[in-house]
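Remarks on the structure that follows.
The values are calculated or read from the model by the stated rules, or taken from the named source; none is laboratory data. Bear in mind that the values here come from a model prediction, so they are computed numbers and not experimental data. Positions of Cβ are backbone-derived with ideal geometry, glycine not excepted, and every protein chain shown enters the neighbour counts.
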Amino acid sequence: MGSRYEDKADMPMAGSTPAIASLQDKEPIRRPRGMAILHWSTVLLLIAAAALALTRDEVAGRVARQWLLEGHRHTGLLVLLLAVLRIALRFRHGRLPQAVHSRFVRIAAWLTHAALYLILLALPLVGWALSNAEGKPVYLFGATLPALVADDEDLADALLVWHQDIAWALLALVLLHIGAALYHHFVRRDDVLRAMWPWSR
């Protein structure tokens, strides 16, 4: 008599369920390469901006401090440009494939990403306004950018506090973002983290 399964490869795995099988058969989560490149470029620029700001606090020489400040401003403005590009690209691609989650987790993830985009716009803009309030022009690759606010010492003090507070909020959201990515990769073992590698296609 013929076996019920002609080949062992056709036999169901022990302990498998239709739900698991359906998850295994799903198409892997993908992200456009441009989004992945912008994502990691933003990460590198944020690290550079933070390193320049922290190094400046430890340097005594006036010329070196000014050079580090200009580097911090330039990297911050580049973060702003990339944030605008990322938002435009996100709208262009519309809704992207997502990992299977509950409604609560999906809403929390959406709010976290929205907050990250908002902070990536706000932090450089506040820094730009801070420089203007201190009476310092802001340059980008030699071009003088328009002043966002007038010279105002009291406003400069307030903007400095806002700039620092927003930076701490960004750090908290980045740590949350990293934790979620590691959870997907090591606990859920899905394609969420791999989808953001620009060379993984």
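Computed values, structure above
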| quantity | calculated |
| --- | --- |
| Given (1) out of contact with any Leu (no Cβ under 7 Å at 6 or more places or on another chain); (2) modelled with pLDDT under 95; (3) closer than 14 Å to Leu120 by Cβ, number of the condition Pro97 does not satisfy | (3) |
| Check on Ser102, of a type in the set (Ser, Thr, Tyr), modelled with pLDDT under 95 and more than 22 Å from Ile37 (Cβ to Cβ) | yes |
| Members of region 141-173 that are at pLDDT below 95 and surrounded by 13 or more Cβ atoms within 10 Å (Cβ to Cβ) | none |
| Region 108-125 residues that are buried (at least 19 other Cβ atoms within 10 Å of the Cβ), paired with ones that are in a helix (DSSP H, G or I) and among the hydroxyl-bearing types (Ser, Thr, Tyr) (beta carbon under 8 Å, 6 or more apart) | Leu120/Thr42 |
| Residue within region 178-192 that is among the hydrophobic types (A, V, I, L, M, F, W, C) and in a loop (DSSP other than H, G, I, E, B) present | yes |
